[in-house]
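The values are calculated or read from the model by the stated rules, or taken from the named source; none is laboratory data. Owing to the predicted nature of the structure, the values given are computational and were not obtained by experimental measurement. Neighbour counts run over all protein chains shown; Cβ positions are idealised from the backbone, glycine included.
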Amino acid sequence: MFKTWLETNEKEILYRDCESQDIAQVVALANASLKSKQEPHYFERLCNGRNPFIVATWQGKVVGYAAARLQFKDKQQFSNFTTMAVSPEMRGRGIGRALTAKLIERSEKIGTAYMRGDVRDGNDHARALYGKLGFKEEPYGTFKDGEGKFRIRKDFSNQPQDWSM
């Protein structure tokens with residue numbers, strides 16, 4: 001019987017906190033996946049042991065990552081979901097969903113009140129994923145390149161949502 005990639009290798013994907021030696025691979029993945037060029041110092045600041053920053057590795061190689069920056073607003077700490085990417089050859093295997101779920105889990109465990117972020121209007125796949133994971137969205141201006149964006153938010157408490165962020 002022929003086994004699919006997921007049946008044989010899904011358990012080999014490891015999810016863990018980002019470490020400084022991951023930065024070069026994270027930058028390469030970001031630059032292959034995102035619209036704007038990313039610099040190492042951006043990820044170095046995120047990968048400080050304090051911010052939620054999860055990497056997915058397969059056979060020792062970083063194949064995905066998701067990161068958030070801890071911030072404060074109105075005396076509440078929240079997690080600002082800033083970036084995520086999955087290697088093109090590894091997409092469609094649930095890695096993005098697992099990374100996002102682990103980032104949510106880590107943010108909630110740290111004690112943040114909520115997680116928020118921005119997503120491109122045309123990124124239907126990401127918007128659908130975030131909706132399935134309990135994020136609410138509303139239109140929120142445009143990115144620098146003119147593409148529309150949505151603000152996403154997931155509360156970790158019973159507090160009402162305040163979209164005046």
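Yes or no, residue by residue, for (1) at pLDDT 95 or above; (2) in contact with a strand residue (DSSP E or B) (Cβ under 9 Å, 6 or more places away or on another chain):
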position: 99; (1), (2): yes, yes
position: 106; (1), (2): no, yes
position: 116; (1), (2): yes, yes
position: 122; (1), (2): no, yes
position: 132; (1), (2): yes, no
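Can you name the residue in segment 37-59 that is part of a helix (DSSP H, G or I) and touching a Phe, Trp or Tyr at 6+ places or on another chain (Cβ under 9 Å) and, of all such residues, is farthest from residue 90 (Cα to Cα)?
46
Note down all Cβ pairs under 8 Å where the first residue falls in segment 76-99 and is among the hydroxyl-bearing types (Ser, Thr, Tyr), the second is surrounded by fewer than 19 Cβ atoms within 10 Å (Cβ to Cβ) and not in a strand (DSSP E or B), and they're at least six residues apart or on different chains.
79/110; 83/34; 83/38; 87/32; 87/33
Exactly one condition in (1) surrounded by 12 or more Cβ atoms within 10 Å (Cβ to Cβ); (2) touching a residue at least 60 places away in the same chain (Cβ under 8 Å); (3) under 24 Å from residue 120 (Cα atoms) is not met by residue 15; state its number.
Going through the list (1) surrounded by 12 or more Cβ atoms within 10 Å (Cβ to Cβ); (2) touching a residue at least 60 places away in the same chain (Cβ under 8 Å); (3) under 24 Å from residue 120 (Cα atoms), residue 15 breaks only (3).
Specify the residue that is surrounded by the fewest Cβ atoms within 10 Å (Cβ to Cβ); the eligible residues are those in segment 144-156 that are in a loop (DSSP other than H, G, I, E, B) and in contact (Cβ under 8 Å) with a residue 24 or more places away in the chain.
145
Please enumerate the residues belonging to segment 78-95 that are more than 8 Å from the chain's Cα centre (by Cα) and small (Gly, Ala, Ser).
Once the filter is applied, which keeps residues that are more than 8 Å from the chain's Cα centre (by Cα) and small (Gly, Ala, Ser), segment 78-95 yields 79, 87, 92, 94.
Can you go through 38, 77, 59 and tell me which one is in contact with a helix residue (DSSP H, G or I) (Cβ under 9 Å, 6 or more places away or on another chain) and surrounded by fewer than 12 Cβ atoms within 10 Å (Cβ to Cβ)?
Criteria check complete, one pass: 59.
Is it the case that some residue within segment 73-88 is assigned to a helix (DSSP H, G or I) and either of a type outside the set (S, T, N, Q) or touching a Gly at 6+ places or on another chain (Cβ under 9 Å) (or both)?
yes
Working carefully through the options 152, 95, find the one that is farther than 13 Å from residue 66 by Cα, at pLDDT 90 or above and not basic (Lys, Arg).
Testing whether each residue is farther than 13 Å from residue 66 by Cα, at pLDDT 90 or above and not basic (Lys, Arg) leaves just 152.
To keep it simple, each residue is scored yes or no on (1) modelled with pLDDT under 90; (2) at negative phi.
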site: 24; (1), (2): no, yes
site: 29; (1), (2): no, yes
site: 34; (1), (2): yes, yes
site: 50; (1), (2): no, yes
site: 60; (1), (2): no, no
site: 63; (1), (2): no, yes
site: 67; (1), (2): no, yes
site: 74; (1), (2): yes, no
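I want to confirm something. Restricting to segment 102-125 and keeping residues that are crowded, with 18+ Cβ neighbours inside 10 Å and of a type in the set (A, V, I, L, M), which single residue is nearest to the chain's Cα centre (by Cα)?
Per the stated criteria, the residue is 103.
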